[in-house]
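Encoded as structure tokens, the structure appears first; notes follow it.
Taken together, the values in this text are just the output of simple stated rules run on the coordinates, not laboratory data. Small disclaimer: the values here were computed from a predicted structure and weren't measured. So basically every Cβ, Gly included, is an ideal-geometry build from the backbone, and we count neighbours across all protein chains shown.
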Amino acid sequence: MRRRQIVIKKWIIVVFVFLLTFSGYSFYAIAGCKSDCQDDYESEIESCKDQHDDPSDADSLQTCIDDAKREYQSCIDECED
């Protein structure tokens with residue numbers, strides 16, 4: 001009976017370690033995804049500024065920035081799915 005309890009405890013530990021490892025990789029993947037979204041967002045904002053550098057392009061610049069924000073939020077939402 002004692003031997004059986006030891007085996008069960010070992011399996012519980014193995015399962016627990018597996019779950020911790022798996023959840024760690026999941027969090028790492030989400031963090032990487034969000035970092036990629038941030039990088040893309042920053043790149044898009046710079047691109048908007050480069051394309052619409054004339055003061056008369058203020059409305060176009062704002063539209064471009066708003067689009068970049070929507071794309072960023074969509075990317076973040078996909079990371080969390």
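Quick notes
- Pairwise FRET efficiency - Lys49 versus Ser74, Cβ, R0 = 22 Å, nearest 0.05: 0.55
- Contour excess over end-to-end distance, with Cα ends at Thr63 and Asp40 and 0.36 nm allotted per residue: 6.6 nm
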